[in-house]
Each structure stands twice: as structure tokens, then as C-alpha cells.
Amino acid sequence: MKAINFAARRKKLMQWMGPNSIAILPAAEEKVRSHDVNFPFRQDNNFWYLTGFNEPEAVMVLIPGRKQAEFILFNREKDITQERWHGKRLGQDGAIELLGADDAFPIDDIDDILPGLMEGRERIYFALGANSEFDHKVMEWRSELMTSPAKRTGSPGELIDIGHHLHDMRLVKSAAEIQRIRHAAKVSAKAHIELMKACAPGKTEREMETELHYHFAKGQCRYPAYPSIVASGENANILHYIENADEMHDGDLLLVDAGGEFEHYASDISRTIPVNGQYTKEQAALYDVVLEAQLAAIEMVKPGNHWDHIHNKAVEVLTQGLVDLKILKGEPKDLVKRGVYREFYMHKTGHWLGLDVHDVGDYHLHGQPRVLEAGMVLTVEPALYIPQTMTRVNGHNIAKKWRGIGIRIEDDILVTSKGYDVLSKDVPKTRAEIERLMAG
Ligand code: GLY
Ligand code: MN
Ligand code: MN
């Protein structure tokens, strides 16, 4: 794996910040799961992006152009007893040696040191609103500076949100980042394939979830990038079904939306397979509509195009398919215009993918859709959902044979200079491929 160049990211950010400024970013906090047990720690993605440091109780400070030190880290001190109970700490020496900090101080000293670092800086960049307690702290440090006659320099320091620019940096991925997302997708693809092989009527959604997570972990994706969705039959019509508790029945579909996280980078893959290994006539007909929509939408991924091209193409193919199957009646163009498809397809066709599964980055810039560039990574995930309760749409009955079917097909797509590369292409997605695999 290529090393991630955290220093280059900091340098780029500092160039944008300009002189007379300071950036202050906190690490994530530990979150209580229950009583005295925490969730496994997950670092804040902005903090990780700039430091590669994976401990809580830390604050990163960047001061462009400051001679003594530009990159300063406040972090926990080494503590033999604490480390015996809870694991190793980098400490201040480690921060300098291993993270490339110019200077490092114990986090407990931050109230004494930080106001001095802010002195004379005209612009204070921080993640406004991300952590209200920390926002409050920054205000406190700033006001201390303004009220202390010894330190007052006459410049109050303008507070600016750093999120927007940082998110823009995160949107276009480096080769090292793409390698990690590709690995996450490859491991997750293998997990989806193993699930397909293991799937059978009478087994439970939970067993399938276990199969996925086992293969994620085996491929060094210890955690799923988001709670896995393993939804059979009618459960597939609940968009974020994560109970994954029911027995799977002969004749039903199984919608699996799951991806592992590798070195902080997410994958996000959906497949919809027949529990017994063979799609019924109705399932097959709807499946082919969703697949055609997905393939056509993926063809829209290339530099210069934007999300409207992708989403509109998916909606157009889905609507035409529903009309061809006589589920919808009317003129496809008119049905699209009136948004009738939203009864069956109520979400967008995808999202950015990166450190976050729904990654940061603007979808619009200055009122215009964001144009795709090489190095962006996104999902394409059209779907059709026909719950049992959907008996009439647009003034027409929905035949019983179509109800209880939910289908989503989702892949992870890298925008390349020529078009696209499907990072999750190892998971089969035509009906013939899936049925062949499931037949053993
Ligand atoms: N699994 C969440 C999504 O597909 O966006
Ligand atoms: Mn998904
Ligand atoms: Mn997704």
C-alpha cells in the first residue's frame, strides 16, 4: 500500500489558509456504549485526514509560516498504568517522531498554551458546529486573549469554518486513497460472493450478516463502514433495515447492502439475490430494469458530467421499465416530469464515497451541479421498492404479483480521466452470473 502523505495535506491546507491564520481541530471523543463500556474508538475523519493520529483527547493546531513550529499537537501524555489497562499512547515524543509534529504538548496544558498561539492571528479556522463543546472552548480561548491586557494585540481574530475547504480537499482522492477504497471494495466483493454461496431458505438474515462480517475482518476490514443491511422479502422495502433477524423464505429475494472499512476508507455495495438461487418471473423482470438503469447511469460517469446526468438517466430507465411491465401507465416522459417514479424510488442515485460512506464534498457549487473530475469516487445505486401495502399508484392498481419486492444494485465507481472504473466489479450482478454462482 502506498503511504498516505499527511504532511502534504497539511501543507496544501496551510497554503490555502495563508499567513496570519491558525487552524484548530479536535480529535473525536470516546462514546459511551453503556455504563462504563465505550464503543470502539473511531477517529474524526477531518482530524485523521490531516494527522493520521488515532487517539482521542487530542487537538491539532496548524499555524502557517510560524517559525518555531507550524504543526503542533496536543495529546495525552504517556502513562504506564493507563497504558496497561487501555492500550498504548503515542505521547509527545511519539507525536514528533511518528506524526511529524513540529512540537507536541500534553492535552492538559492546552488552556495555558493555546491562547498564546492564537495571539496576533487574524483568522481562526475551525470545524464550526461539529462539536459544540469545542466551539465553546475556542470562543473562551479567544475571549481570554481579547480581555488579557498583556496579550491583547488589537486583532480579535475572525472565526471561519474550515469544513468547506477541507471537504473539498477530501473530495478528490489521491492514488493512496484510491488503493484503500479499492481494497475495501475487493474484500467486500469477496464477502458478498461468499454470502451468495451460503444463502439458502431456512437460514436467517443474521447468519448472512455473520458471513459478511467474517470475510470483511479476514480481509483486514475489521468493521463494516456502516451497519449492514441484510433484508429478505418485505424487509427489503425498509430502506435502512438493520435488524437482520428474520428467517429467509423460499421464493423471496434478499437485498444485501454492506461494505467493509479499510484503514478508515469505506466501501458500499448492494446486491439483490434470490434466497433459493433462482429469480421468479416477476423478480427477474424487475431486476433487469434496475440493472439496466444502473448500467446506463454508470455510463454517465465521466469528467465533465455531473449528478443530474447520472440520476436523470437512472430515473428515465426505471420509469420506462415500469411502463413496459405495465406497473405504471402513461407517457414515460410525463411520468418522470410529474415524479411518479418517486413512489417506487425515493432516494438519490448515489453519493460521494471516501473516509465517510456518505462522504463530504459539495454536490452543488455556486448553484450549479458539481462537475465530476478524475479522482472522485461515488456510488451508483438505483432501486425499485414495491411494498405489500402499495396497492394503487397514479390511479391504477398494482397487481399482487409485484408486491413485496425490493431491489437495489449498488457499486463503487472511480471517476477516471477517460470515464470510470467500477471498484466493486468483482461481485456478479447479472441474473445469469448470480444464479450460476448460487447453483455452486
Ligand atoms: N448503505 C447506505 C447507502 O447505500 O447509502
Ligand atoms: Mn449502500
Ligand atoms: Mn450508498
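Taken together, the values in this text are just the output of simple stated rules run on the coordinates, not laboratory data. Source: prediction; values computed, not measured. Virtual Cβ from ideal backbone geometry, glycine too; neighbours counted across all protein chains shown.
Taking label positions 7 Å along the Cα-Cβ direction at both Lys67 and Asp362, the computed distance is 3.8 nm, reported to one decimal.
Note on Val323 and Asn397: with the Förster distance fixed at 22 Å, the Cβ-Cβ geometry gives a FRET efficiency of about 0.90.
Highest mean first, the peptides 321-333, 80-92, 349-361, 7-19 sorted by other C-beta atoms within 10 Å per residue fall in the order 349-361, 321-333, 7-19, 80-92.
Taking label positions 7 Å along the Cα-Cβ direction at both Lys333 and Asp288, the computed distance is 2.6 nm, reported to one decimal. Volume per residue of the convex hull around the Cα atoms, evaluated for region 360-423, comes out as 163 Å³.
Once divided by 2.2 N^0.38 Å, the Cα radius of gyration of region 32-176 becomes 1.14. With contributions of -39500 (n - 2.57) from each DSSP H run of at least four residues, the per-residue ellipticity at 222 nm computed over the chain stands at -11500 deg cm²/dmol.
Between Val37 and Glu97, the FRET efficiency estimated from the beta carbon spacing at R0 = 22 angstrom works out to 0.10. With contacts taken as Cα pairs under 8 Å and at least 6 residues apart, the chain reaches a relative contact order of 13 percent. Here the spin labels are modelled as points 7 Å beyond Cα on the Cα-Cβ line, and at Lys12 and Met390 they lie 4.1 nm apart. The alpha-carbon positions of region 1-80 define a convex hull whose volume is 133 Å³ per residue.
Residues whose amide H falls under 5 Å from that of Glu57, counting only those 5 or more places apart or on a different chain, are Glu30, with hydrogens built in the peptide plane. Listed by chain and number, the aspartates and glutamates placed with their C-alpha closer than 20 angstrom to that of Lys281 are Glu234, Asp250, Asp252, Glu292, Asp324, Glu433, Glu435; residues fewer than eight positions away on the same chain are left out. Straight-line cross-link partners of Lys313 among the lysines, defined as a Cα under 17 Å from its Cα and at least 8 positions apart when in the same chain: Lys302, Lys333, Lys337, Lys348. Residue separation of Lys425 and Ile242 scaled by 0.36 nm, minus their Cα-Cα distance, works out to 63.4 nm of gained length. Determine, at each q value in 0.09, 0.13, 0.15 (inverse angstroms), the log₁₀ of I(q)/I(0) that the Debye formula gives when each Cα of region 184-327 is one equal point scatterer. One equal scatterer on each Cα of region 184-327 leads to -0.31, -0.64, -0.84.
Mind telling me which of Arg180, Arg408, Arg66 comes out most flexible in a GNM of the chain, alpha-carbon contacts under 10 Å? So, out of Arg180, Arg408, Arg66, the one fluctuating most is Arg66. Taking springs between alpha-carbon atoms closer than 10 angstrom, which of Val138, Val37, Val256 fluctuates most in the Gaussian network model of the chain? Answer for the Gaussian network model of the chain: Val37.
When the chain is treated as a Gaussian network with alpha carbon springs shorter than 10 Å, the biggest mean-square fluctuation among Gly304, Gly419, Gly260 belongs to Gly304. Here the Karplus relation 6.51 cos²θ - 1.76 cosθ + 1.60, evaluated at θ = phi - 60°, turns the backbone of region 253-268 into coupling constants of 8, 10, 9, 10, 10, 7, x, x, 10, 10, 6, 6, 9, 9, 10, 7 Hz, with x for every Gly and Pro.
So how far, in whole Å, is the C-alpha centre of region 164-210 from the one of region 251-290? If we compute the Cα centre of each part, the gap is 13 Å. List the relative contact order of region 1-123 as a percent without decimals, with contacts defined as Cα pairs under 8 Å and 6+ residues apart. 24 percent. What the pair-distance distribution of the chain shows, using all Cα-Cα distances binned every 10 Å from zero, is 4, 19, 25, 22, 16, 10, 4, 1, 0 percent.
On the beta carbon distance between Ala198 and Asp135, with R0 = 41 Å, the FRET formula returns roughly 0.30.
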